[in-house]
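**Student:** The structure that follows is given in the form of structure tokens.
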Amino acid sequence: MIARRRPCCPMAALLTVFAAPVVGAPVTIDAIPGQAKLGTVEIHGVSAGPFDPAIWRSGSLNFVPDIRHPLLAPCQGGTFRNIYAPSPVEVPGGWRLFYGAWDGVHTGNDRIYSRFTADFIDFGERRIEIEHGTLIHVCNVNAIRLPDGSFRMACTAYPDANGLNKPAIFTSPDGTAWNGKPAPYPATASDVIRIEGYPDYNAADMNGMNVLRHENGKYRLYFGDFKARLQVHRASSDDGRHFKYDGVSLDAAMMVNDVRDFVVDGQTVYLMGLHANGSRLWYALSSDGMQFEPQREMAVSRSDADKYIVAVGWVSRGDRLLGFVYGAGAVPSLDRNRLFARWLQKRLIFTDRQGKTLTATGALGPDRQIFRLPASGETEGRLDILSEDGKTRLGEPLDLKLTAGRVYRLTWRPTR
């Protein structure tokens, strides 16, 4: 279910090295083997560096939209086509992109799917992980991978015994079997959890707001309730199934979809992603994971295709936040969605010999930017490289010639 009041390529090898640049270090650019689209150049090596809470608190973030609009569309085999609830999980060699959808199937029942990607450029074969089983819908997935390689997923299940939405938990030792059965696992009412201490839990309608975290031996569940004043709440658990209510984490009428944490200078910083079924996305920061600062606006719809945003999931790698994938669609019924992406990247500004400025027309995954060149197909000038805050210069400007159809890579060389 979308959060509202009612309810293929072969597996790719890892192609891109996401190297974290060193601020102030010398930077070079070199042509590398490969083919960009005619009339354009690709520049690699632009992904975000280590998470910096200062630029998030300043609101100065250089998010570059992926040139694929959408990033992923539903399969066409069946007549129900609506994919919208992404949850990217870092795994060895890349990411496992979990999502909730009617992904080209013959009935409008939400299921949980996944695809492997090495780079968010090519995607592996689609797998159904969770079937709706005896329920009508299982969707709004938020997945995590524990240090031992096992997986946990929190999803929205519908209906419970009162005809309402509730969180359900699915566990896997390796991502191939869930709750003790090989995928696709058929969900049942027994997968739905309870939250002890939350007022009138039986009457709560918790649709599309179930974020699972694991830290210091504890599981955390962030959620909301359409039957009460909409806020972001948190509950905690020792076993990942029996939760106790902690209280309100963010007093905002928004829907929480993802929370990540990063250690910066020995301190943990939490990043929350939020939406409101409209044209905007927000984020909020916290130093303890319980109380979050007021939300800040992060992104606005680019076109009618992503006018109604219904879900968001962070893309992280180690200590870096690389961007986000979001579900959105063109109609207020919220049932014709696709997956889109934006990437937190260095800002590149190319100024040619005549003083004309070129900036990226878009990104291709987390680490590549695309520039469209003049009709001549070749231009000389200066490249300024700025941090992902869009302001801080990294190294000295580079004098270079760009030739259409070529691929280039930025490299930071640490100083001694």
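**Student:** Tell me which aspartates and glutamates have Cα within less than 15 Å of LYS307's Cα, excluding those fewer than 8 residues away on the same chain?
**Tutor:** ASP335
**Student:** On a full-extension model of 0.36 nm per residue, what is the gain between ALA177 and ASP335, subtracting their alpha-carbon distance, rounded to one decimal in nm?
**Tutor:** 54.0 nm
**Student:** I would also like to ask the following. Ignoring everything except DSSP H segments at least 4 long, calculate the 222 nm mean residue ellipticity for the chain; use -39,500 (n - 2.57) per segment, divide by total residues, nearest 500.
**Tutor:** The helix-only estimate for the chain comes to -500 deg cm²/dmol at 222 nm.
**Student:** How large is ³J(HN,Hα) for each residue in region 270-277, as worked out from phi by the Karplus curve 6.51 cos²θ - 1.76 cosθ + 1.60 (θ = phi - 60°), to whole Hz, x for Gly and Pro?
**Tutor:** 9, 10, 10, x, 9, 9, 9, 6
**Student:** First check a/c for region 63-344, with a ≥ b ≥ c the square roots of the eigenvalues of its C-alpha gyration tensor; if it is under 1.5, answer rounded, and if not, answer prolate when a/b is larger than b/c or oblate otherwise.
**Tutor:** In terms of gyration-tensor shape, rounded.
**Student:** Also: Roughly what would the spin-label model give for VAL263 and HIS242, points 7 Å off Cα along C-beta, in nm?
**Tutor:** 3.1
**Student:** Okay, moving on. What ratio of Cα Rg to 2.2 N^0.38 Å holds for region 250-370?
**Tutor:** Dividing the Cα Rg of region 250-370 by 2.2 N^0.38 Å gives 1.22.
**Student:** Using Cα-Cα distances under 8 Å and only pairs 6 or more residues apart, what relative contact order does region 63-344 have, in percent?
**Tutor:** 16
**Student:** Using the basic label-point model (7 angstrom from Cα toward the beta carbon), what is the ALA203 to ARG372 distance in nanometres?
**Tutor:** Once both label points are built, they end up 5.6 nm from each other.
**Student:** Find the relative contact order for region 202-299 and round it to a whole percent, using C-alpha pairs within less than 8 Å whose residues are 6+ positions apart.
**Tutor:** Contact order relative to length: 19 percent.
**Student:** Mind grabbing the base-10 log of I(q)/I(0) for region 44-104 at q = 0.21 Å⁻¹? Debye formula, identical points on the C-alpha positions, no solvent, two decimal places.
**Tutor:** -1.06
**Student:** Next up: Over region 133-261, what is the relative contact order in whole percent, taking alpha-carbon pairs under 8 Å and six or more residues apart?
**Tutor:** 21
**Student:** Using each residue's phi in region 206-220, evaluate 6.51 cos²θ - 1.76 cosθ + 1.60 at θ = phi - 60° and report the 3J(HN,Hα) Karplus result to the nearest Hz, with x for Gly and Pro.
**Tutor:** Each residue of region 206-220 in turn: 10, 10, x, 9, 8, 9, 9, 10, 9, 7, 6, x, 10, 9, 10 Hz.
**Student:** Here is a follow-up. Once label points are set 7 Å from the Cα along Cα→Cβ at both ASN216 and LYS307, what is their separation, rounded to one decimal in nm?
**Tutor:** It works out to 4.6 nm between the two label points.
Read-outs throughout are calculated quantities, based only on the coordinates presented, and are distinct from any laboratory measurement. Note that the structure is a prediction, hence the values are computed from the model and not measured. As a convention, Cβ positions derive from the backbone with ideal geometry for all residues, glycine included, and neighbour counts pool all protein chains shown.
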